[in-house]
């Protein structure tokens, strides 16, 4: 129940067009060898302008056009942006947050638990699915909602559900709840499940984090509810997906803090991602690769790219060749599709200047012509290059509870910021992921409940919240010969963010060979020294590690009259512990040393030339060599191979020049 062919296409909105031009648009898509459109997720108010009065004529026009031009269709549920009359019927459909009651207008401001919203959502969805039934020959799948999140819902209904779940978790024992969350502090004890205090006012970071975990579960439950409705209508072979997005710093950056994506993906046939990133001179491919690694992590297999940029923001207007390079980068990461948001640039409203493939004049342009050429390439080679199976010896452990915990308890000890910071979880994770990417170390992401025994090296970024179960899994991994890199603020708290009343890192000191009970944000940057080629400073956070010198080596320490007694980087057997936040250069230096120690070869080639490999459906190894540079780059061929696109053959040691933003796609060849 998954797509078999490579999917190449875009989101399409007849409803947004200044004039209806389905024939012209679908003809252009077909000429560019596009084979799929994604529709319907944003236009509830067009189809039900008045409560109970439906008009699906635009939907039918698109479906008829898709059938005429041989395009497959993915139907999105029209649930993440609702019509204004619904909030008139029940104002509580709009979320209430710590900032107050939301105003109508923006998308994704819905209380997903609101029964009025659920009632009318189910009605419009069932009406839509009835209209789709005659088109099951072209509908290949359904997308649940769109980049779903909880919108910080903290209205009466959501809080009642949360209090009930706390009651169930603690078997009705209020004293056990109060003790676990430390509610004695500032006289915050809860004395009645029925009169549970409003969580918006809590000063208890553990309780606030637990409520945010509840909101993540709400998203999972909502998406599962939508899937159950679609199951009443979908035909055999039609898949279920969702377009998961990422933490946002102006572009896709890290793990999404508002969704347990692995849980939500568990009942889908194939997960999808929405990947956006800087372009022009700032294009590196890092975010594409990261999005792919997270996409693969959700079900330990391939994923779809349901949204990515064609032109996007004005600062992202691509240089010639970049759209092709970006699309190939998705395939090199294991994607089975490349789909753009969106076909045409919108002529008014919020996303007027988030440009699609066509510009506002709706005529073929440079992006269209480049994608036209890419489509021709994929019409011939798409089956060989898509849905690649990826394997890696290195994994990075992701954990949403730790992300939330560091939001609630920042490294600098100040009040919770819940925003962008160079010391937040995703920035700390990205230092290690980016170091791997730049050195052509392909990485998987894993989660606390995964089996990571097959990896040689496990990188643990800021595992602030760690249950005993996870701790035992990591200890077992180390005990079985696995190598780990432990970074600051790991193993500090239990899963409820209660700080462990023991030596730090908790229950790991025998494996790290060192411990600390002091930490600091240094007043001035502190230079590093030691056997590793470190050139930077520790400026953001330091744990004062004292090591057991009998069995532990200090690979780096601090060039400082007071901090000099503490280890900055230390190793005991197969455990490397980093006690401070390193800059990018020094992160790479520690990574390379750990890779060598774990018996993993560090490739000679590094960024801006990125090399990715995978096994296709026919069991063939495909190698992508991608040049993320304004300059030409010379690449040395590893072993005898041929180019997939033009058949050129190479021998081991041959030199090939990559054009700026150019690429090679290689497969083994017996004659080379």
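Among the listed residues 618, 586, 631, identify the single one that is in contact (Cβ under 8 Å) with a residue 60 or more places away in the chain, at negative phi and either surrounded by fewer than 18 Cβ atoms within 10 Å (Cβ to Cβ) or not in a strand (DSSP E or B) (or both). Give the derivation first.
Numbers: 586 fails: in contact (Cβ under 8 Å) with a residue 60 or more places away in the chain; 631 fails: in contact (Cβ under 8 Å) with a residue 60 or more places away in the chain.
Result: 618 is the single residue among 618, 586, 631 that is in contact (Cβ under 8 Å) with a residue 60 or more places away in the chain, at negative phi and either surrounded by fewer than 18 Cβ atoms within 10 Å (Cβ to Cβ) or not in a strand (DSSP E or B) (or both).
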**Q.** Subset of region 291-321 (residues that are in a helix (DSSP H, G or I) and surrounded by 21 or more Cβ atoms within 10 Å (Cβ to Cβ))
**A.** 291, 292, 293, 294, 295, 296, 297
Q) Can you name the condition, by its number, that residue 317 falls short on among (1) within 22 Å of residue 620 (Cβ to Cβ); (2) free of Cβ contacts under 8 Å to residues at least 40 places away in the same chain? A) (1)
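Among 267, 239, which is the only one that is in contact (Cβ under 8 Å) with a residue 60 or more places away in the chain, farther than 18 Å from residue 495 by Cβ, touching a strand residue (DSSP E or B) at 6+ places or on another chain (Cβ under 9 Å) and surrounded by fewer than 21 Cβ atoms within 10 Å (Cβ to Cβ)?
Working: 267 fails: in contact (Cβ under 8 Å) with a residue 60 or more places away in the chain.
Criteria check complete, one pass: 239.
With respect to residue 476, is the statement that it is outside the structural domain of residue 613 (by TED's automatic domain parsing), free of Cβ contacts under 8 Å to residues at least 24 places away in the same chain and over 18 Å from residue 596 (Cα atoms) true? Working first, answer last.
On the way: outside the structural domain of residue 613 (by TED's automatic domain parsing): yes; free of Cβ contacts under 8 Å to residues at least 24 places away in the same chain: yes; over 18 Å from residue 596 (Cα atoms): yes.
Yes: the conditions hold for residue 476.
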**Q.** Test for residue 172: is it more than 23 Å from the chain's Cα centre (by Cα) and assigned to a loop (DSSP other than H, G, I, E, B)
**A.** yes
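Looking at 169, 200, which is the one that is touching a strand residue (DSSP E or B) at 6+ places or on another chain (Cβ under 8 Å) and on the phi < 0 side of the Ramachandran plot? First the steps, then the outcome.
Values: 169 fails: touching a strand residue (DSSP E or B) at 6+ places or on another chain (Cβ under 8 Å).
Going through 169, 200 in turn, just one is touching a strand residue (DSSP E or B) at 6+ places or on another chain (Cβ under 8 Å) and on the phi < 0 side of the Ramachandran plot: 200.
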Q) Limited to region 118-148, what total is found for residues that are assigned to a loop (DSSP other than H, G, I, E, B), buried (at least 21 other Cβ atoms within 10 Å of the Cβ) and in contact with a helix residue (DSSP H, G or I) (Cβ under 8 Å, 6 or more places away or on another chain)? A) 3
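If only one of 587, 657 is within 27 Å of residue 534 (Cα to Cα) and modelled with pLDDT of 95 or more, which one is it? Can you show your working first?
On the way: 657 fails: within 27 Å of residue 534 (Cα to Cα).
Of 587, 657, the one residue that is within 27 Å of residue 534 (Cα to Cα) and modelled with pLDDT of 95 or more is 587.
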Q.
With the structure loaded, tell me whether residue 641 is crowded, with 16+ Cβ neighbours inside 10 Å, in the same structural domain as residue 550 (by TED's automatic domain parsing) and over 25 Å from the mean Cα position of the chain (by Cα) or whether it fails that test.
A. no
Q.
Go through (1) under 30 Å from residue 383 (Cβ atoms); (2) touching a helix residue (DSSP H, G or I) at 6+ places or on another chain (Cβ under 8 Å); (3) surrounded by fewer than 22 Cβ atoms within 10 Å (Cβ to Cβ) for residue 610 and report which single condition fails.
A. (3)
Q) Within region 204-241, which residues are closer than 19 Å to residue 147 by Cβ, touching a helix residue (DSSP H, G or I) at 6+ places or on another chain (Cβ under 6 Å) and not in a helix (DSSP H, G or I)? A) 240
(Q) Anything in region 548-568 that is under 15 Å from residue 505 (Cα atoms) and without any contact (Cβ under 8 Å) to a residue 40 or more places away in the chain? List them, or say none. (A) 548
Q: Can you run down the residue pairs with Cβ atoms below 8 Å, 6 or more apart or on separate chains, where the first is in region 535-547 and more than 21 Å from residue 514 (Cβ to Cβ) and not assigned by TED's automatic domain parsing to the domain that holds residue 589 and the partner is modelled with pLDDT under 95 and buried (at least 18 other Cβ atoms within 10 Å of the Cβ)?
A: none
Q | Single residue of 591, 626 found to be crowded, with 16+ Cβ neighbours inside 10 Å, more than 26 Å from residue 454 (Cβ to Cβ) and touching a strand residue (DSSP E or B) at 6+ places or on another chain (Cβ under 9 Å) | A | 626
Q: Inspect region 652-668 for any residue being more than 27 Å from residue 320 (Cβ to Cβ), assigned to a loop (DSSP other than H, G, I, E, B) and outside the structural domain of residue 280 (by TED's automatic domain parsing) and give the result as yes or no.
A: yes
Q.
With the requirement that a residue be in contact with a strand residue (DSSP E or B) (Cβ under 8 Å, 6 or more places away or on another chain) and either at pLDDT below 95 or under 11 Å from residue 63 (Cβ atoms) (or both), what does region 129-143 give you?
A. 132, 135, 138, 139
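The values are calculated or read from the model by the stated rules, or taken from the named source; none is laboratory data. Note that the structure is predicted; figures quoted are calculated from it, not measured. Glycine gets a Cβ as well: all are built from the backbone with ideal geometry, and neighbour counts include every protein chain shown.
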